[in-house]
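To start, the structure under review is shown below, and the notes come after it.
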Amino acid sequence: MSMLAATPVGASSEITDTRLRRLYEYWNAKRGDRPAPTRRDIDPVEIPDLLGFVNIYEVQDEPRDFKVRLNGSEVAEMLGQDITGKYCSTVISGPDAVSYKTAFDICVDQCRPAIVETSLAFCGKPYMAQTIIVLPLGSDGESVDMIVTAHSYRAIKTTDQPIDLEAHRSTAGR
């Protein structure tokens, strides 16, 4: 997948990252025969090792935006801030914002999972990339009013020098 790509996901076999695949499989089991599980179906006790990498968004219409209801601690650390209560449109900018919106729109409009890959340039880390699984949640199990995501990070080698990931981690929340 090239950087800044957003694509629908049809099966767990399409997801190469273990963490993202685990959330997808958990979500898929919770939805059963429905297009999407409800927010109440997602029990944090059942996925404790994923929680730091999970965000939950509330879908806002007219204009469409996505309000962060839960910002996982590892996601907040990577972003350098806790974005709980903020809207995606105020946090993410540039080409990354377009990719996020495309993936979130696929999720909401088609009630199906999507995967997106972006840089972290929007938060001052152009040497880092993230892959995100974007999964629909619906209060009625059909129309999407919330989204749950899991994030995976990796360094982008931009020079011939090795990258020390620990040296680049934020101190937010410490």
Being more than 14 Å from the chain's Cα centre (by Cα) and farther than 17 Å from VAL134 by Cβ is the filter here, so list the residues in the range 78-92 that pass it.
GLY80, GLN81, ASP82, GLY85, LYS86, THR90
Residues of the range 67-100 satisfying the condition of being of a type in the set (D, E, K, R), part of a helix (DSSP H, G or I) and modelled with pLDDT of 90 or more
GLU74, GLU77
Would you check which residues across the range 22-38 are under 17 Å from the mean Cα position of the chain (by Cα) and surrounded by fewer than 19 Cβ atoms within 10 Å (Cβ to Cβ) and list them?
ARG22, GLU25, ASN28
In this structure, does PRO126 turn out to be assigned to a strand (DSSP E or B), over 19 Å from SER12 (Cα atoms) and modelled with pLDDT of 80 or more?
yes
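Here is a yes/no grid of residues against (1) surrounded by 17 or more Cβ atoms within 10 Å (Cβ to Cβ); (2) over 28 Å from PRO37 (Cβ atoms); (3) among the basic types (Lys, Arg):
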position	(1), (2), (3)
ALA103	yes, no, no
ILE115	yes, no, no
SER119	yes, yes, no
TYR127	no, yes, no
THR131	yes, no, no
VAL134	yes, no, no
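Within the range 39-67, track down each residue that is more than 26 Å from GLU14 (Cβ to Cβ), without any contact (Cβ under 8 Å) to a residue 60 or more places away in the chain and surrounded by 14 or more Cβ atoms within 10 Å (Cβ to Cβ).
Initial filter on the range 39-67 (more than 26 Å from GLU14 (Cβ to Cβ)): 40, 45, 58, 60-63, 65, 67.
Next cut, without any contact (Cβ under 8 Å) to a residue 60 or more places away in the chain only: 40, 45, 60-63, 65, 67.
The answer is GLN60, ASP65, LYS67.
The values are calculated or read from the model by the stated rules, or taken from the named source; none is laboratory data. In this text, all values refer to a predicted model and were calculated from it rather than measured experimentally. Cβ coordinates were reconstructed from backbone atoms using ideal geometry, including for glycine residues, and neighbour counts include every protein chain displayed.
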